[in-house]
Amino acid sequence: MVLVAWLSFTSWDGLSAPTWTGVENWTRLRSDPAMHRALRLSLLLTLLSWAFQTPVALLLGVWSAGHQRSRAVLSALFFLPLLASSVALALVWRSILDPHFGLAADVARWLELGDANVLGSPRGALLAVAFVAAWQFIPFHALLYQGGARQIPRSLYDAASIDGAGTVRQFFAVTLPQLRNTVVTSSVLMVVGSLTYFETVLILTGGGPGSATTIVPYLMYETGFRAFDLGYASAVATSLVVVATGVSLLMVRLTGFGRMRSTREGM
């Protein structure tokens with residue numbers, strides 16, 4: 001990281017010796033419309049990922065903490081995407097979403113929906129990236145919620161039942177408050193992870209169509225390893241570290257993460 005930060009003040013093509021240029025890369029970064037667009041897309045993707053992954057992972061984790069007959073088998077199936085690499089999953093979904101030969105094209109023809117080129121649409125491509133990333137990482141966050149739900153004392157649910165609370169009321173009055181620390185932990189991990197997505201975008205959309213999915217990590221890759229402007233790419237990378245660190249610290253401060261105490265204290 002220190003080396004990359006130093007390279008951000010140089011001009012370097014990856015072959016010759018780096019040339020010191022001072023703050024030239026940072027001045028360019030501040031006024032670069034491509035960087036502004038990539039940062040907005042990264043933040044939008046992060047927001048989409050959090051809004052989609054959190055409720056699904058929460059419900060799946062709470063459900064899998066129960067004792068249903070089919071829980072073990074279904075949980076194993078739900079958690080399978082977590083075992084595969086991001087590249088492998090992106091390749092699978094690119095084949096599924098292929099507008100000519102993929103499953104999405106077949107379904108669109110059967111239902112007479114017309115064009116099935118999801119990845120050819122700016123909005124569709126961004127939503128596809130968010131969905132594929134969520135599909136892979138929801139199991140991880142569900143495991144966090146499963147562990148948290150299993151630590152909730154049974155006595156709280158028994159007391160709620162005596163008071164006449166049903167399943168839904170128990171979820172909002174007992175389960176959710178007891179999982180507040182888990183929600184914060186999951187959210188911090190989710191936000192930092194979303195800001196650093198790369199493989200899914202590289203394989204699934206290649207930053208396109210146009211620049212519709214060119215988020216900051218992909219812009220860094222394009223600038224450094226396609227345009228061979230590694231000095232400017234280092235400035236992009238350093239700014240990404242600063243933004244991700246700043247966002248995570250802000251979340252820690254606003255949510256009281258550093259002052260967390262056990263929800264079972266006193267029991």
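For the chain, the mean residue ellipticity at 222 nm estimated from helices alone is -20500 deg cm²/dmol, where every DSSP H run of n ≥ 4 contributes -39500 (n - 2.57) and the total is divided by all residues, rounded to the nearest 500. Size descriptors for the chain, from the alpha-carbon set: Rg then Dmax equal 22.3, 75 Å. With springs only between Cα atoms under 10 Å apart, run a GNM on the chain and tell me which of Tyr157, Tyr221, Tyr197 wobbles the most. Top of the fluctuation ranking is Tyr157. Stretching Ile162 away from Leu189 to a fully extended chain increases their span by 6.0 nm, per 0.36 nm per residue minus the current alpha-carbon distance.
The stretch between Ile96 and Ser155 holds 16.6 nm of extra length on full extension. This uses 0.36 nm per residue minus the Cα-Cα distance.
The order of Phe101, Phe140, going from fewest to most other C-beta atoms within 10 Å of their C-beta, is Phe101, Phe140. Measuring between their Cα centroids, the range 7-45 and the range 192-243 lie 11 Å from each other. In terms of its C-alpha gyration tensor, the range 18-166 has an oblate overall shape, because the principal axis ratio a/c (a ≥ b ≥ c, square roots of the eigenvalues) is not below 1.5 and a/b does not outweigh b/c.
Using the Cβ-Cβ distance between Val87 and Ser16 with R0 = 25 Å, the FRET efficiency computed as 1/(1 + (r/R0)^6) comes to roughly 0.20. Taking label points 7 Å from Cα along the Cα-to-Cβ direction, Val107 and Leu249 give a separation of 4.3 nm. Computed over the chain with a Gaussian network model linking Cα atoms closer than 10 Å, the most mobile of Leu39, Leu82, Leu126 is Leu82. With the simple spin-label model, which puts each label point 7 Å out from Cα in the Cβ direction, the Trp135 to Leu47 separation comes to 2.5 nm.
All of the numbers you see were taken from the coordinates with simple rules; none came from a lab. Nothing here was measured: the structure is a model prediction, and the numbers come from that model. Here Cβ is always computed from backbone atoms with ideal geometry, including for glycine, and neighbour counts include all displayed protein chains.
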